[in-house]
Amino acid sequence: MTSASTQSLASIFFGIYAKRAARNRLALLIGAVGYLAMRSIMPAAAQVTTQTNTQKTAIESPTSQLALPIIGPLSKQTMSRMLLTDAARVGNSTNRVVAVGDRGYIVYSDNNGESWERAQTPPNLPLLTAVFFNDAKTGWAVGHDSLILHSVDEGKTWTQAFAAPTEQKPFMDILFIDAITGMAVGAYGAYYETADAGKTWASRKIQQEDKHINSMIKLGDNQLLIVGEAGTILKSMDAGKTWAAVSSPYKGSFFGAIQAQDGAVILYGLRGHIFRSADASLGALTKIENASTASIMGATKLPDGALVLTGLAGTVLISRDDGRSFKLIPTPSTKAIAVPLMGAPNSILLFGETGVREILLPSANDSSSMPSSPKAGDPKLPVADNVKK
């Protein structure tokens, strides 16, 4: 692949938004590798170049020139140049964080992001888009080529469980509802399921059209939710056996959903759109106004119940009222943030276009105010008030 120039994630996305292949979470997460990702789900004739409003360009991955060890410690400089698309904590009582991203890289930290190591994976992997742990040992990661990876040692080593590169349907998310039952979803309506703990995977069609499925979450006993392209909302009341469409208040794409501590469900997506249902019935979805118009890509729920959303243009939003309102947390970067995750006490890890960063949380008493400066001698000096490096 050649590289004519390097553009921001936002300029790449909006330049090719008219193309159907760009209307999904993948197109947004990988602005710096837009061409690399798009060509796997574009028709063959469209794979030569990507047309923007003013030029044709192929974008080089920010990690394409990195020389990473096969396994082992990674420098802070290396981590800052990685494109990371998702991250998860392993179990409820461990400090291990596992993140996935460009070129199949998987990294993990045992000290809340202070230092990172590269996990052992099969060679020559494609872009990974999601990671999920269904217990303290067992993890799953998915990505391009309909690839599914499996780990049984807290994300330290990974093996291939499934792949279907000829299908040209990148997976966007994976979820296990128990030790043996799981689903992987993705582009063009891809929906694969396993009933034997990932030993075998079978494809099934769950919607009439082939709209991209961007995310899937568990709402409660046997209740599952899917969101995706063009306002797609699907719900299952029987652990995925059957799916029914939910009336959508928005025709743009949803990139994810999260359930608040009070049971409310928050959907988020394109151009900063956020919708809230007071409960898992999704009977009435109310639009939540917020200070950002940047597309929202990821979310996490903090131990105290606060919700954090992140997205393009360095957007970070926080809610301390179960998603009824969100306030903007300023950050000094305009680089895309794919997903947030709880870090050390009073901080959030942000994963995205510049690897992983850490910011301090605003005061719980006033989420619009910035936190106070750290004590003298703290090695994590703030940048633009709340960024730790």
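Each value in this text was obtained by applying a stated rule to the coordinates, not by laboratory testing. All of these numbers come straight from a predicted model, not from anything done at the bench. Here the Cβ positions follow ideal geometry from the backbone for every residue, glycine too, while neighbour counts run over all protein chains shown.
Per-residue 3J(HN,Hα) values for the range 219-225, derived from phi via the Karplus relation 6.51 cos²θ - 1.76 cosθ + 1.60 with θ = phi - 60°, read 9, x, 4, 6, 9, 10, 10 Hz in sequence order (x marks Gly and Pro). Put simply, the amide H of Met172, placed in the peptide plane, has neighbours under 5 Å in Val185, Gly186, Ala187, leaving out anything fewer than 5 places away on its chain. Note on Ala244 and Lys327: their simple-model spin labels are 4.0 nm apart, each label 7 Å out from Cα toward Cβ. Extension gain, Thr200 to Asp153: 0.36 nm times the residue separation minus the Cα-Cα distance gives 14.9 nm.
For Val316, the amide hydrogen comes within under 5 Å of the amide hydrogens of Ile329, counting only partners 5 or more places away or on other chains and with H modelled in the peptide plane. Karplus-derived 3J(HN,Hα) values for the range 274-280, using 6.51 cos²θ - 1.76 cosθ + 1.60 with θ = phi - 60°, are 10, 10, 10, 10, 5, 8, 6 Hz; glycine and proline are entered as x. Karplus-based coupling profile of the range 301-316, in residue order and whole Hz: 10, 7, x, 8, x, 5, 10, 10, 10, 9, x, 5, 6, x, 6, 9, with θ = phi - 60° in 6.51 cos²θ - 1.76 cosθ + 1.60 and x standing for Gly or Pro. Near Ala161, the amide H atoms lying under 5 Å from its own belong to Ile148, Leu149, His150; only residues 5 or more places off or on other chains count, and H is placed 1.01 Å from N. For the set Lys251/Lys335; Lys169/Lys199; Lys211/Lys327; Lys169/Lys241; Lys211/Lys251; Lys301/Lys327, the pairs lying more than 24 angstrom apart at their alpha carbons are Lys251/Lys335; Lys211/Lys327. In this structure, Ala284 and Asp304 have a Cβ-Cβ separation that, at R0 = 22 Å, corresponds to a calculated FRET efficiency of about 0.25.
In this simple spin-label model, placing a label point 7 Å from the Cα along the Cα-to-Cβ direction at both Lys76 and Ala344 gives a separation of 1.1 nm. Among 303-310, 136-143, sorting by the average number of other beta carbon atoms lying within 10 angstrom of each residue, highest first, gives 136-143, 303-310.
Between Asn95 and Asn365, the modelled label-to-label distance comes to 2.9 nm, taking each label 7 Å out from Cα in the direction of the beta carbon.
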